[in-house]
Amino acid sequence: MEQVNKLALRKKPISFKSGLSYKKQRYLFIYSCLLLPLLFFVIVRILPIAYAFNIGFREWDLLSEEKPFVGFDNYAALFQDTKFIRSLGNTFVYVLIGVPGQLIAGLAVALLLHKLHVSRGLYRTLYFIPYITSVVAVSWVFRWIFMKNGVINALLLKLGLEPQLFLGSPSQAIFIVIAAMIWQSIGFQMIVFLSGLENIPTLYYDAASIDGANRWQRFRYITLPLLNPVLVFSVIIASISYLQSFTQVLNMTLGGPLNSTVSLVLYIYDMAFKHFNMGEAAAATVVLFVIILLLSLLQMKILSSKTEY
């Protein structure tokens, strides 16, 4: 009898007496679960951004207790600094060359691997390994390859050609840094584009082939339009990455020669931790934040718009 009562109790539905309906309880649970990550995001992201805005309007010296309000003086000083102007120009060069190069290389590799049926996993792994390799290690390997007595110059000498300065040349160094960044990021773009390619139904390609479309037409009118969401994601992520170029520049050139490779983030680092001018460093951070925000919104607007083919 006692066992029967226990079984009956187990089958009896558990009810919680509350003044809230089931729907309200459900939403309360969902918002409660979202509250903690939202607080973390506000503390880690929003508050530092607001604090940077505050520092950018003050004469902020680490050695001084007083931080007087100076308005837009820090921003005016930035745009009178030739190094800042050079870093801003170099940063846009990183974006304008690096982003298209990275996307084209990643898409090309993804298209080749998408058609591959043998050892596909092996090739994916080999192309993805550079992306998870230490950025510092990759930067030093490229620095060793393109140094004055490096591998490339040794090869040029064997071919009877003149050796090049590469990282020691103000006109060549920035392209070597961009090449290192593109090479390391191909694996990431490959994975992103492969995920998009595998979600395109083969039915579209079969129908286009029956209608007589060649490979370029199939790529132009089927692959690219259906990859539009992937392209939006890839372009924004790559642009933000190149706008924040720092580690490769620091380890390969230190911003030289003659500030030809200095990026905006490296300029902020030097201003803050070498010159201890936190006011101008924070102002430059705000400029970078505004550039990233506006560029991301512009890219989303352009790439997300429906284009008639």
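Give the residues of the range 108-137 that are outside any loop (DSSP other than H, G, I, E, B) and of a type in the set (Ser, Thr, Tyr), sorted by residue number.
TYR123, THR125, TYR127, TYR131
Close contacts from the range 245-271, counting a first residue that is open to solvent by 10 Å² or more (accessible area, probe 1.4 Å) and a second that is part of a loop (DSSP other than H, G, I, E, B), with Cβ to Cβ under 6 Å and a gap of 6+ residues or different chains, come to THR253/THR261; PRO257/PRO170; LEU258/PRO170; VAL265/GLN244; VAL265/PHE246.
Yes/no per residue for (1) of a type in the set (Phe, Trp, Tyr); (2) within 25 Å of VAL230 (Cβ to Cβ); (3) surrounded by fewer than 19 Cβ atoms within 10 Å (Cβ to Cβ):
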| site | (1), (2), (3) |
| --- | --- |
| PRO37 | no, no, yes |
| PHE57 | yes, no, no |
| SER64 | no, no, yes |
| PRO68 | no, no, yes |
| ASP73 | no, no, yes |
| ALA77 | no, no, yes |
| GLN80 | no, no, yes |
| LYS83 | no, no, yes |
| GLY98 | no, yes, no |
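Output the residues belonging to the range 258-282 that are under 22 Å from the mean Cα position of the chain (by Cα) and over 17 Å from VAL177 (Cβ atoms). Once the filter is applied, which keeps residues that are under 22 Å from the mean Cα position of the chain (by Cα) and over 17 Å from VAL177 (Cβ atoms), the range 258-282 yields ILE268, ALA281, ALA282. I'd like to check something: does the range 221-244 contain any residue that is over 24 Å from the mean Cα position of the chain (by Cα) and open to solvent by 50 Å² or more (accessible area, probe 1.4 Å)? Within the range 221-244, one or more residues are over 24 Å from the mean Cα position of the chain (by Cα) and open to solvent by 50 Å² or more (accessible area, probe 1.4 Å). Checking each residue in the range 142-152 for being crowded, with 21+ Cβ neighbours inside 10 Å and outside any helix (DSSP H, G or I) picks out only PHE146.
Results for (1) modelled with pLDDT under 80; (2) charged (D, E, K, R); (3) within 30 Å of MET278 (Cα to Cα), shown as yes or no for each residue.
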residue	(1), (2), (3)
ARG10	yes, yes, no
GLY19	yes, no, no
GLN25	no, no, no
GLU59	no, yes, yes
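The values are calculated or read from the model by the stated rules, or taken from the named source; none is laboratory data. The structure presented is a predicted model; accordingly, all values stated were derived computationally and were not measured. We place every Cβ from the backbone using ideal geometry, glycine too, and count neighbours over all the protein chains shown. Only protein heavy atoms, including side chains, enter the accessible area calculation; ligands, DNA and RNA are left aside. Shrake-Rupley method; radii C 1.70, N 1.55, O 1.52, S 1.80 Å.
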